[in-house]
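These notes concern the structure reproduced below.
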Amino acid sequence: MLRALFIVAIIALSSAGTSRADDAGDARMTEDYLRQAQRGDTRAQFYLGVLYAQGVGVSRSDAEAFRWLSSAAERGHAQARLIVGEMYAVGRGTSRSDIDAYKWASAAAASSNPADTQRNAQRILDLLTGRMTGSDVSEAKRLAQSLTPSTSQFATNRPSDGRTDEITTTDRRRGAEYDRLTDAINRNPQDADAYYKRGNILARLKEYDLAANDFGRAIEYGPGNAQAYNNRCFVYVALGRGQMAVTDCNEALRLRPDYADALDSRGLANLMLGRLDPAIADFNDALRLRPKLATSLYGRGIAYTRQGRTSAGNSDMKAATAIDPGVRDELDSYGIR
């Protein structure tokens, strides 16, 4: 049922603003969208995702469709949020995640969005509710509240001739290296190193959903990359997906047993999940390798405090803050406090 909804949405939305010509015309149209999508035009990102999903003017790629639609969704595009929710629900272009599917569908169902978008989003929510636990639904709703409001404008027009006013500060901050890596991926869609490096840029900019997707592609095309597993573990922590983070860090540590950053990330994930003893063990191992790792010190301090070991906890947190005054705010931003 969800897969059918996805196909209907792609066809209906794309027909509202694109028309088929010949292959050369399709290629020119796609190049036009790509240039403007890279400059931050939200509508262009949406349409480029649709074109990749359909294979119009470009080789069909669910991964690239998901990437561009996710970028538009992050910027509030209502229809992109609907489709991204469906893609997460069926595992198309990304790993299946009911929590993420519910999060994006919930955003698409907002009352400020077009009525058709609301109705389709509600159908997805109803289907997901039947297969999700109550705690998963609550977590998805919490994540949805952190999203920016949707834009109600329906994407019926092609982008302008490049003089766009929709370039956001985040798009400007991505910089030339991001564009270079994107070009490399367009030339070779299986370039694991380019996906990994682009994921790092997105993670630094706190575009965590997009970063997780790029790290996923890096893992798919280079499965022995322990750093890619660890970095996706980290962004999963930042996104509040504790168990998924633990799974990735386990693999990173299988590949590199003495990997301090992965021990630190897994410790934070275990702490997020309330697994205090495993978290403390991970932090101890990380600190054995890197004694001044502030996040492990502060995380262990939180774990000790939750266990009632207040003196030891305060000592660790004080030492961590002396190393990195911003460590408390960093962990607080992940919901770890």
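Does the stretch 165-184 include one or more residues that are closer than 30 Å to L273 by Cβ, modelled with pLDDT of 80 or more and surrounded by 12 or more Cβ atoms within 10 Å (Cβ to Cβ)? Scanning the stretch 165-184, I find no residue that is closer than 30 Å to L273 by Cβ, modelled with pLDDT of 80 or more and surrounded by 12 or more Cβ atoms within 10 Å (Cβ to Cβ), so the answer is no. Summed over the stretch 54-82, the residues that are in contact with an Asp or Glu (Cβ under 8 Å, 6 or more places away or on another chain), among the small types (G, A, S) and part of a loop (DSSP other than H, G, I, E, B) give a count of 1.
Could you check, for the stretch 72-93, whether at least one of its residues is aromatic (F, W, Y), touching a Lys or Arg at 6+ places or on another chain (Cβ under 8 Å) and touching a residue at least 40 places away in the same chain (Cβ under 8 Å)? Talk me through it step by step, then tell me what you get.
Step one: filter the stretch 72-93 for residues aromatic (F, W, Y), giving 88.
With the extra rule that they be touching a Lys or Arg at 6+ places or on another chain (Cβ under 8 Å), the set shrinks to 88.
Okay, now just the ones that are also touching a residue at least 40 places away in the same chain (Cβ under 8 Å), so none.
The answer is no; no qualifying residue exists.
Scan the stretch 254-261 and give yes if some residue there is out of contact with any strand residue (DSSP E or B) (no Cβ under 6 Å at 6 or more places or on another chain), of a type in the set (F, W, Y), assigned to a helix (DSSP H, G or I) and open to solvent by less than 20 Å² (accessible area, probe 1.4 Å), otherwise no. There is no residue in the stretch 254-261 that is out of contact with any strand residue (DSSP E or B) (no Cβ under 6 Å at 6 or more places or on another chain), of a type in the set (F, W, Y), assigned to a helix (DSSP H, G or I) and open to solvent by less than 20 Å² (accessible area, probe 1.4 Å). If the Cβ limit is 8 Å and pairs must be 6+ apart or interchain, which residue in the stretch 127-147 that is over 16 Å from M272 (Cα atoms) pairs with which residue that is assigned to a loop (DSSP other than H, G, I, E, B) and open to solvent by 70 Å² or more (accessible area, probe 1.4 Å)? Pairs found: L127/M1.
Let's see how each residue does on (1) open to solvent by less than 10 Å² (accessible area, probe 1.4 Å); (2) among the acidic types (D, E); (3) out of contact with any His (no Cβ under 8 Å at 6 or more places or on another chain):
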position	(1), (2), (3)
E86	yes, yes, yes
V90	no, no, yes
S97	no, no, yes
A101	yes, no, yes
D116	no, yes, yes
R123	no, no, yes
S138	no, no, yes
K141	no, no, yes
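Could you check how many residues of the stretch 84-102 are farther than 18 Å from S61 by Cα, among the hydroxyl-bearing types (S, T, Y) and assigned to a helix (DSSP H, G or I)? It would help to see each step written out before you state the result.
Looking only at the stretch 84-102, we keep the residues that are farther than 18 Å from S61 by Cα, and these are 97-102.
Right, trim to among the hydroxyl-bearing types (S, T, Y) and you get 97, 102.
With the extra rule that they be assigned to a helix (DSSP H, G or I), the set shrinks to 102.
Final tally of qualifying residues: 1.
The set of residues in the stretch 215-253 being touching a residue at least 60 places away in the same chain (Cβ under 8 Å) and under 17 Å from I185 (Cβ atoms) consists of G216, R217.
The values are calculated or read from the model by the stated rules, or taken from the named source; none is laboratory data. The structure displayed is predicted, hence computed values, not measured ones. Counting neighbours? That spans all protein chains shown, and the Cβs are built from the backbone with ideal geometry, glycine included. Accessible surface areas use protein heavy atoms only, side chains included; no ligands, DNA or RNA. Shrake-Rupley method; radii C 1.70, N 1.55, O 1.52, S 1.80 Å.
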